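Here's the structure, in structure tokens; my notes come after.
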Amino acid sequence: MRASALTLLAALALAGCGSERESVDDGGGGETTAQSDLSGRVEADGSSTVGPYTTAAAERFRETNPDVRITVGVSGTGGGFERFCAGETDLSNASRAIKDEERALCERKGVEFVEFHIANDALTVVVNAENDWATCLTVDELKKVWEPGSKVDDWSQIRAGFPSERLRLFGAGTDSGTFDYFTDAINGEEGASRSDYSATEDDNVTVEGVSGNRGGMGYFGLSYFEQNREALKALEIDGGEGCVAPSVETAQSGEYTPLSRPLFIYAKTESFQRPEVEAFIGFILEHESEIAEAAQFVPLTDEQLEQARTGFEDATT
Amino acid sequence: MTLTRRSRDWRGGVFRGLLLSSLLVGFVTLAALLVDVVSTGWGYVDGTLFTSPPSIDPAIAGARPAILATIYIGILLILFTVPIGVGTAIYLEEYANKKRWYNRLLELNIQNLAAVPSIVYGILGLAFLVRGLGLGRVLLAGALILTLLVLPTVIIAAREAIRAVPDSIRQGAYALGATQWQVVSRQVLPSAVPGIATGSILALSRGLGETAPLIMIGAVTYVAFDPTILGPFTALPIQIYQWVRLPQEEFRYLAAAAIIVLLGILLSLNAVAIWLRNRYQRRW
């Protein structure tokens, strides 16, 4: 029995015909950049949304600083702050601003920090690609669907004129910054949400769910929509001044309200005394738009970037 | 003649059919999973996967730190579990007086520990090893917590193996004037090696596939350098978990490729177990 299972596996391996990896276009691999002699460790943890951003930054930083060992964890925004305020990490990734109670916790433990706004994201409300009735929802309509105790379970209840189609909801798990931000922006109170929806920390589950249900609706960061354009449709959001579609431009200009959100990295002030941490943050602010693009976020506007750089200078001098 | 036999045997036929279908449930599920994973990920099992660190760009992303860490954890796991597990088993089988209540309590506890969910061991590890002992979120802490997790399984397997050694062997050795030490070290243990080896390696396979306790004790998801025993680490199951969550579809193929590598490691461990069993097996 076992032998036949092994043979089966071997046969499968031989017959395996998966998609090949694309050939690598090694941008900049040819030129050798001057390498610094910085060394040491930088520990980052926190939001799984911001994780890819810090990873992208760490990857690029490593090209010129091969001896600085940067690690990135994804404990979630809340979990990240818990470790950060315990003094365990140098950097905390966050997809929302730090809460008052987290600030108080850090204070109690004597951890001082600097906040860096490092990119923007457009929280995108998505529906099934076959959904041809809804193109734009107002914030009030979204609130009607998502507020605590909401009994809306059919599209026809959202707006008169929508066909009767069972509404299937998919959203972020309660540990994520995405959940906090969405509930705050739509329902007016952080953490207030109906609870009878499929909650997941894995946005790909939401993609699967919404693309598999004609009446599906879900929300997540713009990058997950960008990667699944064929399977999903993004709704325009009317925050009171007309319908605006989520995009890099509308998120940067601030037109896409209230669902465009800032993403943060919090840095421990004490860690700034270590040259490798200072150099890493400096590197991020220097290559901000490049990193944001690689991680599929919306880069900062010139004004925001200027502000972040000023904050950096204040913290280092 | 045949006709009457057949009509008498229909119950047997049905029973046989039921048995076959229960076999099929497991086999078809496994085969479907394997076909799916291999066909999705095979194209991504390439040099880059083994030599490169993870990356935000799926075209150059690899799992070298995760693969190395999984191998390191595997080695540490064997070093920790086999001596402790086999030692415990020998004590319980050969030395402990089963009439004593504390020995019976010990046995009961080991059986129960084998059924404790792995996440509970993760919490224990976080509180006791990482924070309590101040070990930090390092590879050694991961290996230690997996040791605790698989230890009960190893003990139970080793006890079964020791119990399977016929008593006549022990009695024969005693009759020739051997001491208990000589009986255990020269007769019982060598005879039990195949069973102990198989049990240990199957337990090791289970440990290497665990994700939850490692996440709990803070294995990170992005490590670009080779792991060290006292340094931060990631492991293959965590790398797979992380890749599946990323937005780009290519990462799903990479995850499948990493699953193939993990399966490869586990299957070769199982192969070693089978080889050991066949090489040392004795029949009485």
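Here's the yes/no breakdown for (1) touching a residue at least 60 places away in the same chain (Cβ under 8 Å); (2) in a helix (DSSP H, G or I); (3) in the same structural domain as B:Pro247 (by TED's automatic domain parsing):
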position	(1), (2), (3)
B:Leu24	no, yes, no
B:Phe27	no, yes, no
B:Leu30	no, yes, no
B:Val37	yes, yes, no
B:Thr40	yes, yes, no
B:Pro58	yes, no, yes
B:Gly62	no, no, yes
Residue list for the range A:200-211, filter: without any contact (Cβ under 8 Å) to a residue 40 or more places away in the chain and either farther than 19 Å from A:Leu259 by Cα or not in a helix (DSSP H, G or I) (or both): A:Thr200, A:Asp202, A:Asn204, A:Val205, A:Glu208
Residue ID - least open to solvent (accessible area, probe 1.4 Å), chosen from residues in the range B:179-190 that are farther than 13 Å from B:Val86 by Cβ and touching a residue at least 12 places away in the same chain (Cβ under 8 Å): B:Val183
Take B:Gly177 and decide whether it is more than 14 Å from every other protein chain (Cβ to nearest Cβ) and assigned to a loop (DSSP other than H, G, I, E, B). yes
Of everything in the range B:164-177, what is more than 13 Å from B:Glu94 (Cβ to Cβ) and surrounded by 14 or more Cβ atoms within 10 Å (Cβ to Cβ)? Give them in sequence order. none
Within 7 Å of chain A (Cβ to nearest Cβ) and polar (S, T, N, Q), is that true of B:Thr221? yes
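Please pick out the residue among A:Glu270, A:Glu278, A:Glu290 that is acidic (Asp, Glu), in contact (Cβ under 8 Å) with a residue 24 or more places away in the chain and within 14 Å of chain B (Cβ to nearest Cβ). Before you say what the answer is, go through the steps one by one.
Working: A:Glu270 fails: within 14 Å of chain B (Cβ to nearest Cβ); A:Glu278 fails: within 14 Å of chain B (Cβ to nearest Cβ).
Result of the check over A:Glu270, A:Glu278, A:Glu290: A:Glu290.
Please count how many residues of the range A:246-267 are assigned to a helix (DSSP H, G or I) and either open to solvent by 40 Å² or more (accessible area, probe 1.4 Å) or touching a Cys at 6+ places or on another chain (Cβ under 9 Å) (or both). Spell out how you get there, then give the answer.
Initially, the range A:246-267 is screened for residues assigned to a helix (DSSP H, G or I), giving A:248-253.
Next cut, either open to solvent by 40 Å² or more (accessible area, probe 1.4 Å) or touching a Cys at 6+ places or on another chain (Cβ under 9 Å) (or both) only: A:248-249, A:252-253.
Residues in the range A:246-267 being assigned to a helix (DSSP H, G or I) and either open to solvent by 40 Å² or more (accessible area, probe 1.4 Å) or touching a Cys at 6+ places or on another chain (Cβ under 9 Å) (or both): 4 in total.
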Checking the structure you have, find out if any residue of the range B:92-107 is under 30 Å from B:Ser191 (Cβ atoms), in a helix (DSSP H, G or I), modelled with pLDDT under 90 and open to solvent by less than 30 Å² (accessible area, probe 1.4 Å). yes
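Report yes if some residue within the range B:261-269 is within 15 Å of A:Asp202 (Cα to Cα), open to solvent by less than 30 Å² (accessible area, probe 1.4 Å) and at pLDDT 90 or above; otherwise report no.
Initially, the range B:261-269 is screened for residues within 15 Å of A:Asp202 (Cα to Cα), giving none.
Checking the range B:261-269: not a single residue is within 15 Å of A:Asp202 (Cα to Cα), open to solvent by less than 30 Å² (accessible area, probe 1.4 Å) and at pLDDT 90 or above.
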What about B:Ile201, is it aliphatic (A, V, I, L, M), within 14 Å of another protein chain (Cβ to nearest Cβ) and under 19 Å from the mean Cα position of the chain (by Cα)? yes
Those residues of the range B:233-251 that are modelled with pLDDT of 90 or more and at the interface with chain A (Cβ under 8 Å from one of its Cβ atoms) come to a total of 0
Name the pairs: first residue in the range A:142-154 and assigned by TED's automatic domain parsing to the domain that holds A:Glu236, second residue acidic (Asp, Glu), Cβ to Cβ under 7 Å, at least 6 apart or on different chains? A:Asp154/A:Glu165
When you go through (1) part of a helix (DSSP H, G or I); (2) within 13 Å of chain A (Cβ to nearest Cβ); (3) surrounded by fewer than 21 Cβ atoms within 10 Å (Cβ to Cβ) one by one for B:Leu230, which number turns out not to apply? (1)
Might you check whether a residue that is closer than 28 Å to A:Glu102 by Cβ and within 14 Å of chain B (Cβ to nearest Cβ) occurs anywhere in the range A:161-174? yes
When the range B:11-60 is checked residue by residue, the ones that are within 12 Å of chain A (Cβ to nearest Cβ), farther than 30 Å from B:Gln248 by Cβ and aliphatic (A, V, I, L, M) are B:Leu23, B:Val28
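The values are calculated or read from the model by the stated rules, or taken from the named source; none is laboratory data. Bear in mind the structure is a predicted one, so any value in this text is a computation, not a measurement. Here Cβ is always computed from backbone atoms with ideal geometry, including for glycine, and neighbour counts include all displayed protein chains. In case anyone asks, the SASA skips ligands and DNA or RNA and just uses the protein heavy atoms, side chains included. Shrake-Rupley method; radii C 1.70, N 1.55, O 1.52, S 1.80 Å.
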